[in-house]
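No lab work stands behind these numbers, since they all come straight from the coordinates. Keep in mind the model is a prediction, meaning the values are calculated, not measured. Here the Cβ positions follow ideal geometry from the backbone for every residue, glycine too, while neighbour counts run over all protein chains shown.
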Amino acid sequence: MKEYFAHETAVIDEGCTIGRGTKIWHFSHIMKDAVIGENCNIGQNVVVSPQVVLGKNCKIQNNVSVYTGVICEDDVFMGPSMVFTNVINPRSAVNRKSEYLKTYVKKGATFGANCTIVCGITIGKYAFIGAGAVITKDVKAYALVVGNPGRQIGWMSEFGQRLNFDENNIAVCPESGEQYILEKEQVRKL
């Protein structure tokens, strides 16, 4: 007996692994050998390609494409119509399936609507990618990145709040009260 929900219009290929409590909505396609963790929510018209790995509690909004090579840890949020790529130099007439590059997404990262993630990079834990951004290089943990090409403009807390560091390089999340420290251009929670 399956322990997840799939809308009757969803297509679930043989050979997938789908965790307990996951919900897959209208017109979405989960392809062969995809691995989806527990309690994920896969919105309408989403494609999860072969060998994609999604951790627990990932949320994928409508019209998102998650292509082969993407590996997401737990608690990743993917906003509407964002997309991952898997080949640096695609051509229709050239088969580059053997050249797919891995993209690693660490725990708690957020991707805003319509952003594009160029393959072969790592998105740090709790990074926050703004709507419409085009990300072409690694993103640090807790970094706030916007624009095309993506550029870091600040830091975010685990609650998705902008961090403002004092003269001692300490910031307090206004929502959770948790403290963070900025050292050597890296942020960590205290």
Any idea what Rg and Dmax come out to for segment 1-81 if you just take the C-alpha atoms, in Å?
10.7, 32
So for segment 5-156: antiparallel DSSP bridges make up what percent, rounded to the nearest 5?
10
Cβ-based net charge around I121, under 15 Å, with every Lys or Arg adding one and every Asp or Glu removing one:
+4
In the neighbourhood of Q161 defined by beta carbon distances under 14 Å, the net charge of the other residues (Lys, Arg +1; Asp, Glu -1) is -1
Return the percentage of antiparallel bridges among DSSP beta bridges fully within segment 59-116, rounded to the nearest 5 %.
10
Please go through the residue pairs K23/K97; K32/K56; K23/K189 and name each one whose alpha carbons sit more than 24 Å apart in this structure.
K23/K97; K23/K189
How large is the Kirkwood hydrodynamic radius of segment 5-156, in angstrom, based on all distinct alpha carbon pairs?
15.2
Environment charge at N89 (Cβ cut-off 14 Å; Lys +1, Arg +1, Asp -1, Glu -1)
+2
Find the Cα radius of gyration of segment 114-190, compare it with 2.2 N^0.38 Å by division, and give the number to two decimals.
1.09
